[in-house]
Structures are given as structure tokens and as C-alpha cells.
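Read-outs: derived from the displayed coordinates by stated rules, not from any lab. Computed from a predicted structure; not experimentally measured. Cβ: placed from backbone, ideal geometry, glycine included. Neighbour counts: every protein chain shown.
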Amino acid sequence: MRTIPVEIRGLTVRFGHTLALQGLDMSIPEGEFRVILGPSGSGKTTILRSIAGLIEPEAGSIWIGGRDVTLLYPSERNVAMVFQNYALYPHMTAFNNIALNLRMRHLPRDEIDRKVTGVAELLHISPLLDRTPRELSGGEAQRVGLARAMVRDPAVYLMDEPLSNLDAKLRGEMKDELRRFHRIVQKTIIYVTHDQNEAMALGDHIVVMDRGRKQQEGTPKEVYDRPGTVFVAKFIGSPPMNMIPARTEALDRPRYRLSPEGSPAGLVLTSNGDPLPPEVQLGIRPSSIRLDPTGPWKGPVEYTELLGPQIEVHFRVGTTRVVAILPRTSAAEGLLEAEARKEVVSFAVEPASIHVFEGRTGEALGNPILSLQSP
Amino acid sequence: MTDPPPAPLVHRRRILWRLAHAWRQVVGVVVMLLLAGLYVLPFYWMFLKAGRDSIFLGYPPDFNPFSGTSWSNFVNNFNTVWGYGSGIFAQAFSNSLFVALSVTVLSVGFGSLAGYAFARLRFPGRDLLFYLVLATLMIPFPVIFISNYFFMYQLGWLNSYQGLIVPQVVSALNVFIMRQYFLTIPADVENAAKLDGLRPWNIFFRISAPLAKPAFAASIILTFIGTWNNFLWPLVVSTNPSFWTLPVALDFFKGVNGTQIYWDQMMMATLIMVVPTLVIYAFAERYFIQGISFFSVKR
Amino acid sequence: MTARSDLAGAEEKVARWWRRTGSSARAAEARTGYLFVLPIIALLVIFTLYPVVRSFYISFYHWDPFLHDVYFLGLSNYYTVLAGPATPAHPSFDFALLNVLYYTAVVVSAQTLAAFALALLFNSRRMVSRVTRAIVFIPAATSSVAMSALFIWIFSYQGPVNAVLAPLRVAPLNWFQSTTYAFPAIMAMNVFSTAPYFMILFLAGLQAIPTSIQEAASLDGVRSLWHRTRYIYFPMLRFTTIIVAILGITGAMQLFDQIFVITGGGPAGSTYVPLFYIYDLAFTAQGEQGVAAAASVILFIIIMAITLTQRRFLRELSWAG
């Protein structure tokens, strides 16, 4: 069977004077659950709407299954879309909402009936078919939205933040529902969200967008474990990765003196041999920090918060505030009182888990640190 | 990865699609311009004819601004119309202005007070009273005006400014526009003022009314233009020419010369009547349209 | 939300507040409330509600207060209106009523369709469309008497309608003096003047349709203007359409200004309408005011009946409340 990949080549979209997308390339193999993740204004929805044909791009092309669809009408592209606010036709019953597309293609009535009831059964919405959208709850409305997309059996499903209008509990249920949905249809899903948890939970493959440019592409694990840029590092993970700006000064290779910004005392760093630029940003996940009286990092405690099984502690290192998530040990609980005294504590970070980024460009340099000590 | 060869079919479609799209745009614009021309035509001719010296219509109708339309004719016609009789028309103009302004001030003032009370203040019987206002929107004018005429007669208000103004102040529409708008202003703004110790009266004048400027603008313009153009009530209540408003005077003007209409003067009279509303409309089109759109909003 | 449920919710809130708030603050707020609604309610009762009642009252009397000639007649005025034949002074009421019903049927359907079409045409935010729309809308701000004055020329013997029809070998005609064509000419004029007014209502409705619905429609292949109108615009504008129809019908049934200015009900009664009949009896005839009041009550009942059936229709149809 011929596969139906989605290819985006050099896609540029401009709204007035602002560039929404700048020469974007992306390739999505058939059957993948691809998540496009980014903050608002990053261009993620623009990609989706360009694929759907709701926007005409300024340059570039979109290929679906080896066919240039850039200028085809939305309904001719063999794609279906699920909207954030469901976009159900308010004057039609759920059945007619689902059936409208088939009617427009002049399918025989009994075939329409068969298809709609079949899809409704798969998505457990058979009892809702006679209701109008205003008689549906958010979750039910979104299921009808999914059914409306599914009934056409499109090559590609486009989903524009379909869960963001739902409350937290329902969102969890719908996440499972969407995974099940992907297993049933086994078609390409391109899913746009600003919620990293949704992205991690659903995506086979994530694309992180910022200001109209692709920041990183990879599996959820890759994106989390090896963020390619400072932006990705800060965007994914909660609380976000700590970024400590620092200067390096070569001692005898591969040893460097490392001075975090605003910190009087430097540290001695041994790298794996890769040369380090004079300005770097050190990325440290809150969960990779541990208390260690002999540790090389020192700073006053500024804020603590009990999160239940864990304790969130904010230290100050130089001019930077560092957030740590500590397991609830007695030493860590001691810090809850240390806050008022601004007590200075020491902590350590496994050197191999420190991400190093180029200071100005924010490009990742990997995890080149072998050891880190007080001088 | 190499590009798949471009599909010629798609390219041909692309061109056709673009052409069709452009064609539709062009047709749309042409139709819009034609319609605008059609709607401008009567007014254009009104201006032309008001500046001619011929009382007759020509056939076929002449739209050439250079044949016979001149500034001096325009001024002459204006003077003739303005000074007609013992200044009936000038009197009608100032009557219209006075009546429309008075009705606007009173109607928008009372309407905004009531609209605010219905939207924000709580008092027993509020909803009943609101239903009462709602119901009056459905009462057609014919069933009111005969009794009101006799009422005016009893009050001695026939041929008087009170008689022209007071019955026209009742406007359920202004109450609605105001209520609807006040409902959209976040209540927290007023709650904050309440905590600052402002009385309801002060909250209205200092906080809410200034926030409702667009609703005031829409009400003011709708009421002014509506009153300026109103015909039947002034026709009934003022039989004495010194209390005529412009529409009544204009209707009289049409018949003043027996069967022969003096077109230049007639059009000048129409122009004098229409220009003020056109000027207001030109400056406040947005609010005028907002006021009218109010009906299509679900309530 | 319907006005009713909206109000019911508000009522409940008021009751809760009433129980909770201290009595002096509550009294102060209530006092201000009454003060604020007092002027408009007073005017409304005196100049709208009381006159309705009084019209009913007058309709049972021979009414000529100027000559102190007032006495009870019972239903005789209604009999005169409904069964009275045409007199040399004026045509009969049922004739006028048939005229206005004919007028209403033609004008309301034509202007509603035209307004809908205009709204589809002008539904764009481009400069051309905004400017031309503002021009087309001018008649809505113009006095009906002034429009009538202009249209006397447009349909006159030397007017542009004849000039346009001349190449089609239609003999020129003085439209408003023809028993056949005067009424259709008035209809055309009023469709021309009021369609843009109702276009604004449709435009507001069109612009309230969410973009995502339009997008969902293009993905579903609802593509041509006809399909969009049939499946999306028209059903979603049902509420607006009925409002337009109600406003149109109530307006058309009260046709007066144009008739008074242009034809005076003629020629030969061909443009005679009920409000003109009422005006004639009340203000030009002597001692017929009671009959005029009876006629106005009948007209009122007819308009109310039409409006109420449409309101019911509206409630049944409204999909978004």
C-alpha cells in the first residue's frame, strides 16, 4: 500500500508585517502522532491551518501523499480538522454535524446512515446523535468533533488544541480517548498544543516551535533529555530548567575556572575534552539537585514550599534564582524553617546531568562536564 | 530527498482557481460600486437641482453639473426657500432643531438612568417594570396617537413645544440599548467603587456612565435622527405653521404652488432638511449602525 | 440565553441579595432604583399605556370633544369600520386593509431577500466595501418625507425610471398618477430605502458567526455561495431573519408618510391604507374620531396577532435561545 506522508517545504506565512512562519520544513511519516508544541504566537496553529488550506502561504509548498496540495481547496486535501472550540454547527444535530461532509459529497442516504452510526459507535456517542451542540457537554461535543473528522476517513487528522476548553479531569480522560482513537484509525495525526504534558503524553514525535521557527524535533524522551536550545530547555519540564549564566576561563585543558554570574567564588570544572566558549549557560533540572554539605554550590534559601511528597526550595546562586525539587528527607524539611533566616546551604548536582548551552546563541553543547569542585 | 515531479494538473487548477477567485472579487467590487452609485443618484440630483434656476424637470433627466447649476442660483434658491412666506421654513428649521435636541437630551437621559437601574440596581418589582417597558415596544403608534391628540387638546398643548417634545421622549429602545450595554461592563468595577463608599447615584455618574460612552453615542444619534425625521406626530399636533417641523414644512412646500411643483425650490427645501442628518451620519456612521445592530443581538 | 431565563436568574440573585444585605444599604439602593426608572415609567404610562386604554374607550363612543358631543355607542363604531361601505370622502377600511396586506406581503419579502443579499455582498472588511456600504445605508438616516420628495422626481414623467425604460420601448408614464402603477412604485421605493436598514441586522448576524464554523464548513466541502447560504448562513441567521420580518411587518402595516406625501391615498384610492383611513377620519372628517379609534384598535389587534405568532415561531425555531 502506498504511504501518505505529509511534507512541508520552505513554508513562509506572513500576516501583515509579521512573519508567522519562516521557511519551515517538516516531514511527517504516515501514521505518526506528531505534536507541534509552542507558546502562543509561535506559529504552531499557523502550520496546522496552512496544511488544512485555511491560509494561503506566501512561499513554500505542502505535499500530502506526494501530491502538492498548497493551492487546493480545504475539502479537496483529504484532511480533517478538530477545533479547540469544537466548531460544531449550532443549528444541526450531532448526526447532521457528522453527516454534512458526506452529504456535500452526494453519498447515498443509507451509506451516510451506516457510516455515521458506525463512527458514533466507535466513539461511544450513539445516544447523543439526536442532540444539538448546546445540549452536549464539552467532552461530548469534542467527541462529536472527532466523529465529524473520522467519518470522512481522511489521510491526515489536524487537531488544534482540542483539549484546552475542557476541565482538568475531562482532559485526562480525553487524552486516553485520543490515544485509543489513534490506535483505531492508525492515520497521521498532527496535534497542536501549548501544553507540554499533553505533548509528552500523546506525541510519537514532538516539534517545538518558537517565533515562527522550529526549535527542535524529536521523540518526547529526546526533547526532554537533550534539549537543543535554551528555549526548549525552559519550555519543557515543570518547574522549568534552571539557567545559570556563567563565564569560563581555561586553566590547564580540560580544566576550566567557572564563575556563575554575580557569584564571587569560582568553581573548577573538568570537561570531557570538548572546548567550552567563554560564556555559557548551565541548565540544571530542579529534580537533579540534592542537598550536600560538601557540595560545590552554595547560596541562601529564599523561599520554600511543601508540595506533598516533595519540597520546592529556591536558592540564590550569584544573581540567579535556582529552584530545586527535593525529596522529603529530614534534612530537606529542615529547610522549611531555614527560609526565614536566609540560611546559606550547600548543594550538589550530578555533573553529567548539567546541560551546557552557548551563552549568547543558546545552542546546546551537550553534557560535557565530568566534575565540578570548589577550588 | 528529491522533489516529486510537479503535477501539471495541479498547476493548471492553481491558475484557474486564482483566476476564478480574482474574477469573483472584481465582480463583487463592481456590484458594490454600482449599488453605491444607484443610492447616491437621488441625492446627487437633489444637489444639482437645488442649484438650478429652472422650476421644470427636463426630459431626459439631466445629470450634467455644468448645465445651469451655479452657485448664484444655489444661493438664490436658498434665500427664496429660507425666507418663504414670513420665514416659515427658517422657523421650521429652528423648531426641528429645538425639538430634536430636547427630545434627545430627555430621552437619552431618562433612558440611561432607567437602563442602568434595570441592569444594576436591585429593587422589588424591577423585572415586572422591565417587562412593562419591553411590552411597549410592541405597541404600534396608530393606537396611541388619536388619544394623545385629545390629551394634548385637554392640556392645551396643541401647537406648543411641550406638545411636540414630551410625547416623543418615551423611548423603550434607549432603555434597552443602555441596559444591554451596562450589563457588559464588569460588575467588579462598580463593586470596587461601592467599597470606596460611593453611593449608587455617584457610581452611575462617576463610574458607569463614563464607561458607557459608545451606548450613549448610539442612543443620541438614533434619537436625534429619528426625531428630526419624524412626521406623523408633528403633523397631528401642530396645525399652526409657527410650530411646524421640517418634514411638515417640506410636505407643505410640495403643495404650495398648486399642481406645478417648483423643482428647484422643492429640492433646496429637501436639501436643507437632509443635510444635517447626512453630516451627523457621516461623522457618526459607526454608532448609528451599532445602535441599529442592537436588534439582531439575542436578548 | 432567552430574556426569560436571563430574567429568572436575575430575579433569584436579587432575592438572595435581599436576604443577605443590611436593610439600610438595601433601602438606599432600592430608592435610587425607583428614582432612576420613575421618569421613563411615568412617561410611558401617561403617553403610551394610558392612550392605548383610552383608544379602546373612545372606540365605544361617538367622540367629538370639540363640540362637546360625546355619547356611548357600543360596538357600532366597529360595525362602521368593518362593514361600512366606501363613502365619497374615503374608501372603506377593508379595502385599505387589503391594500396594506398586499403591500406588506410584497415589500417585506422583497426587502428581506434584498437585505440578505446585500449583507452577503457587503460582508467584508475591505475599504471599498466599507465605503460603499456606508453610502448604500444613507436612506436609513434620511427622512421618509425627503425620500418621498426625491422619489416623486424619480417616478415622474421626466424622471430617470422612464429614461431607463425608454430604450426598452416602454412608453413614459407618470407612475404616481397611475392607478395600476402608483402602489408598485411606492413599494419599490420603500424596498429601496429600507433594505439597507435591514442589511445592517443581517450583517451583524453574519459577523457573529465564529470563524471556526466557517473553517469547519470549508473543510467539509461547503463551498459555493449557494451551499454556504443553504447550510450555514441562512440557518444560523434564522433569529435575525425573524426579527427582520417582525420589524418589517410592523413597519409596513403602519405605512403612512409616503402615502400622505406622494399620493394622498390616490389615485382613485389605489394607495389607500388603514393608517391613512384612521388619519382621515380623525383629523379631516368631522365627528368620526370614535370610528377612527375603533379602526386603530382593529389595526393594533391585527399587528399584535401577526407579531405574536411570529414570536412563537421564533421560540420554537431558535437554536441558541
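What's the FRET efficiency of residue A:329 with residue C:35 using the Cβ-Cβ distance as r and R₀ = 45 Å, to the nearest 0.05? All intermediate terms of the calculation are to be shown ahead of the outcome.
Values: r = 68 Å, r/R0 = 1.51.
With a Förster radius of 45 Å, E is 0.10.
Given the DSSP H assignment, sum -39500 (n - 2.57) over each helix run of at least 4 residues in chain C and divide by its residue total; what's the result at 222 nm in deg cm²/dmol, nearest 500?
-20500 deg cm²/dmol
Using the Cα centre of the range C:83-317 as origin and beta-carbon charges of +1 (Lys, Arg) and -1 (Asp, Glu), tell me which of C:167, C:269, C:292 is placed farthest towards the positive end of the dipole.
The one lying farthest along the dipole's positive direction is C:167.
Only helical DSSP H runs with n ≥ 4 go in: add -39500 (n - 2.57) per run for chain B, normalise by residue count and round the 222 nm mean residue ellipticity to 500 deg cm²/dmol.
Numbers: 12 runs with 212 residues, N = 299.
Calculated at 222 nm, the ellipticity per residue is -24000 deg cm²/dmol.
Which residue, chosen from B:185, B:248, B:282, occupies the Cα position most advanced towards the positive end of the dipole of the range B:72-296, where the dipole is computed from +1 (Lys, Arg) and -1 (Asp, Glu) charges on Cβ about the Cα centre?
Checking the options against the dipole of the range B:72-296, the answer is B:185.
In debye, nearest 20, what is the charge dipole magnitude of the range A:246-373 about its Cα centre with +1 on Lys and Arg Cβ and -1 on Asp and Glu Cβ, if you could check? Walk me through the numbers on the way to the answer.
Working: 13 positive and 16 negative charges, 38 e Å.
Here the range A:246-373 has a charge dipole of around 180 debye.
Which listed residue (A:218, C:132, B:203) has the Cα farthest towards the positive end of the charge dipole for the protein assembly as shown, taking +1 on Lys and Arg C-beta and -1 on Asp and Glu C-beta about the Cα centre?
Highest projection toward the positive end goes to A:218.
State the extension gain, in nm to one decimal, for the chain segment bounded by residue B:283 and residue B:75, taking 0.36 nm per residue of separation less the distance between their alpha-carbons. Intermediate results must be reported in sequence, preceding the final value.
Numbers: separation 208, 0.36 × 208 = 74.88 nm, distance 2.56 nm.
Full-extension gain reported as 72.3 nm.
Under a point-charge model restricted to the Cβ atoms of Lys and Arg (+1) and Asp and Glu (-1), what is the dipole moment magnitude of chain A relative to its Cα centre, in debye to the nearest 20?
The dipole magnitude comes to about 460 debye.
For the pairs A:44/A:115; A:169/A:234; A:169/A:214; A:169/A:298, flag any whose C-alpha to C-alpha distance is greater than 29 Å.
A:44/A:115; A:169/A:214; A:169/A:298
Give, rounded to the nearest 20 debye, the magnitude of the charge dipole that the protein assembly as shown has about its Cα centre when Lys and Arg contribute +1 at Cβ and Asp and Glu contribute -1 at Cβ. Don't skip to the end; give the middle numbers.
Values: 83 positive and 68 negative charges, 101 e Å.
The dipole magnitude comes to about 480 debye.
Give me a single rounded figure for C:289-297: the average over its residues of other chain Cβ atoms within 10 Å of their Cβ.
Details: counts 4, 1, 0, 3, 5, 0, 3, 8, 3.
For this peptide, the per-residue mean of nearby foreign Cβ atoms is 3.
Connecting C-alpha atoms closer than 10 Å in a GNM of chain C, tell me which of C:31, C:125, C:230 has the biggest fluctuation.
Greatest mean-square fluctuation among the candidates belongs to C:31.
Under 5 Å between amide H atoms, partner at least 5 residues away or on a different chain: which partners does residue A:12 have, H built in plane at 1.01 Å?
Excluding prolines and chain starts, which carry no amide H, the hits are A:23, A:24, A:58, A:59, A:60.
Do any chymotrypsin sites (Phe, Trp or Tyr not before Pro) in the range A:260-347 lie in a loop, going by DSSP, with at most 11 other beta-carbon atoms within 10 Å of their beta carbon, and if so which? Before the final figure, lay out each step's value.
Numbers: sites: A:297, A:303, A:315, A:347; in loops: none.
Sites meeting the loop and neighbour criteria: none at all.
From the helices alone, meaning DSSP H stretches of at least four residues, give me the mean residue ellipticity at 222 nm for chain A, per-run term -39500 (n - 2.57), in deg cm²/dmol to the nearest 500. Please report the intermediate quantities before stating the final value.
Values: 9 runs with 96 residues, N = 375.
Result for chain A: -7500 deg cm²/dmol, rounded to the nearest 500.
Provide the packing ranking of C:83-94, A:104-115, i.e. peptides ordered by the mean count of other C-beta atoms within 10 Å per residue, highest first.
Details: C:83-94: 14.3, A:104-115: 12.7.
My ranking of the peptides, most packed first, is C:83-94, A:104-115.
Using amide H atoms built in the peptide plane, which far-off residues or other-chain residues are under 5 Å from residue C:61 H to H?
Under 5 Å from the amide H of residue C:61: C:73.
Once phi is turned into ³J(HN,Hα) by the Karplus curve 6.51 cos²θ - 1.76 cosθ + 1.60 with θ = phi - 60°, what whole-Hz value does each residue of the range A:351-362 show in order, with x for glycine and proline?
Each residue of the range A:351-362 in turn: x, 5, 9, 7, 8, 10, 10, 4, x, 9, 7, x Hz.
Need one value for C:260-269: mean number of C-beta atoms belonging to other chains within 10 Å of its residues' C-beta atoms.
On the way: counts 4, 6, 2, 0, 1, 0, 0, 0, 0, 0.
Whole-number average of other-chain Cβ neighbours for C:260-269 is 1.
Pick from A:258, A:129, A:306: which residue has the top mean-square fluctuation in a GNM of chain A where Cα pairs under 10 Å get a spring?
A:306
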